[in-house]
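Novice: Let me begin by handing over the structure; questions about it come next.
The values are calculated or read from the model by the stated rules, or taken from the named source; none is laboratory data. Remember, it's a predicted structure, so these values are computed and weren't measured experimentally. Cβ coordinates were reconstructed from backbone atoms using ideal geometry, including for glycine residues, and neighbour counts include every protein chain displayed.
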Amino acid sequence: MLKNVLAALALSGFVCAAIAQKNTDGLTEKYVTLAGSEENSASLVNGLRDGKTVKLSGGTTFTPPTGKMGNGNIDIALSLAQQKLRQQGITNPTSEQLKAALMGDATNPGILQQRADGRGWGQIANSMGIKLGDVMRSDKAAKPEGVARNDRLEKPARPERVEKPARPDRPEKPERPERPGR
């Protein structure tokens, strides 16, 4: 019995690790363009997840001040960094530019430093002049060009309601005969 329980626990740990790895792999793939290469992206995602030193090409390294982060927080941090770079007109950042967006410099606090200082993701986004929801909206949910947010597709006409046949009137109950003594 104990062996079965231990085996089940080991299997569930393996399944959880496999799911976490799949999520991490998805983040790695999502941010290859931002990081400049698959290796940079993997180092970035793994470093943020484990709270360890991130090593990017060109000898750029940094240790995230946030400590360990979950996949959702990693996704938000990298999305905000990507948006911050886009605001500066940078679509393919160098390793140093990416580090500056995440860690900051003497004039601008970075995304990760702000988070480590206790600011929420929404506050960080607002400080950049954007809304977090707009940044995190998935590509699949994005509207095609030329379609305004409030434009709605016409709903198909409802089919005409079929009238139900009228219910027959209930027959009247016969009156009860009075009982003597009541």
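Novice: Which members of the stretch 31-47 meet the condition of being part of a helix (DSSP H, G or I) and surrounded by fewer than 18 Cβ atoms within 10 Å (Cβ to Cβ)? Full working, then the answer.
Specialist: Restricting attention to the stretch 31-47, the residues satisfying the condition of being part of a helix (DSSP H, G or I) are 32-35, 38-47.
Scanning the stretch 31-47 gives Val32, Thr33, Glu38, Glu39, Asn46.
Novice: Related question: Residue under question is Asp50, and the condition is that it be free of Cβ contacts under 8 Å to residues at least 24 places away in the same chain, surrounded by fewer than 20 Cβ atoms within 10 Å (Cβ to Cβ) and out of contact with any strand residue (DSSP E or B) (no Cβ under 7 Å at 6 or more places or on another chain); does it hold?
Specialist: Details: free of Cβ contacts under 8 Å to residues at least 24 places away in the same chain: yes; surrounded by fewer than 20 Cβ atoms within 10 Å (Cβ to Cβ): yes; out of contact with any strand residue (DSSP E or B) (no Cβ under 7 Å at 6 or more places or on another chain): yes.
Yes, satisfied.
Novice: Give the stretch 60-83 a look and list any residue that's touching a residue at least 24 places away in the same chain (Cβ under 8 Å) and either farther than 26 Å from Gly133 by Cβ or hydrophobic (A, V, I, L, M, F, W, C) (or both), or say none.
Specialist: If the condition is that a residue be touching a residue at least 24 places away in the same chain (Cβ under 8 Å) and either farther than 26 Å from Gly133 by Cβ or hydrophobic (A, V, I, L, M, F, W, C) (or both), then Thr60, Phe62, Ile74, Ile76, Ala77, Leu78, Leu80, Ala81 are the ones that fit.
Novice: Continuing with this model, one more query. Limited to the stretch 89-136, what total is found for residues that are in contact (Cβ under 8 Å) with a residue 40 or more places away in the chain and either touching a strand residue (DSSP E or B) at 6+ places or on another chain (Cβ under 6 Å) or not in a loop (DSSP other than H, G, I, E, B) (or both)?
Specialist: 15
Novice: Out of the residues in the stretch 89-107 meeting the condition of being over 15 Å from Gly58 (Cβ atoms) and exposed (fewer than 14 other Cβ atoms within 10 Å of the Cβ), tell me which one is modelled with the highest pLDDT.
Specialist: Filtering the stretch 89-107 for residues that are over 15 Å from Gly58 (Cβ atoms) and exposed (fewer than 14 other Cβ atoms within 10 Å of the Cβ), the one modelled with the highest pLDDT comes out as Gly89.
Novice: If you don't mind, another one. Which one of Thr33, Thr61, Thr24 is at pLDDT 95 or above and not acidic (Asp, Glu)? Walk me through it before giving the result.
Specialist: Values: Thr33 fails: at pLDDT 95 or above; Thr24 fails: at pLDDT 95 or above.
Only one candidate passes the filter, namely Thr61.
Novice: Could you go through the stretch 67-79 and let me know if any residue there is at pLDDT 95 or above, of a type outside the set (Val, Ile, Thr) and over 18 Å from Thr28 (Cβ atoms).
Specialist: There is no residue in the stretch 67-79 that is at pLDDT 95 or above, of a type outside the set (Val, Ile, Thr) and over 18 Å from Thr28 (Cβ atoms).
Novice: Consider Arg86 carefully, then state whether it is within 20 Å of Gly51 (Cβ to Cβ) and either surrounded by fewer than 17 Cβ atoms within 10 Å (Cβ to Cβ) or without any contact (Cβ under 8 Å) to a residue 12 or more places away in the chain (or both). It would help to see each step written out before you state the result.
Specialist: Values: within 20 Å of Gly51 (Cβ to Cβ): no; either surrounded by fewer than 17 Cβ atoms within 10 Å (Cβ to Cβ) or without any contact (Cβ under 8 Å) to a residue 12 or more places away in the chain (or both): yes.
Against the criterion (within 20 Å of Gly51 (Cβ to Cβ) and either surrounded by fewer than 17 Cβ atoms within 10 Å (Cβ to Cβ) or without any contact (Cβ under 8 Å) to a residue 12 or more places away in the chain (or both)), Arg86 does not qualify.
Novice: What's the total number of residues in the stretch 68-82 that are in a loop (DSSP other than H, G, I, E, B) and of a type outside the set (Gly, Ala, Ser)?
Specialist: Looking only at that region, the number is 2.
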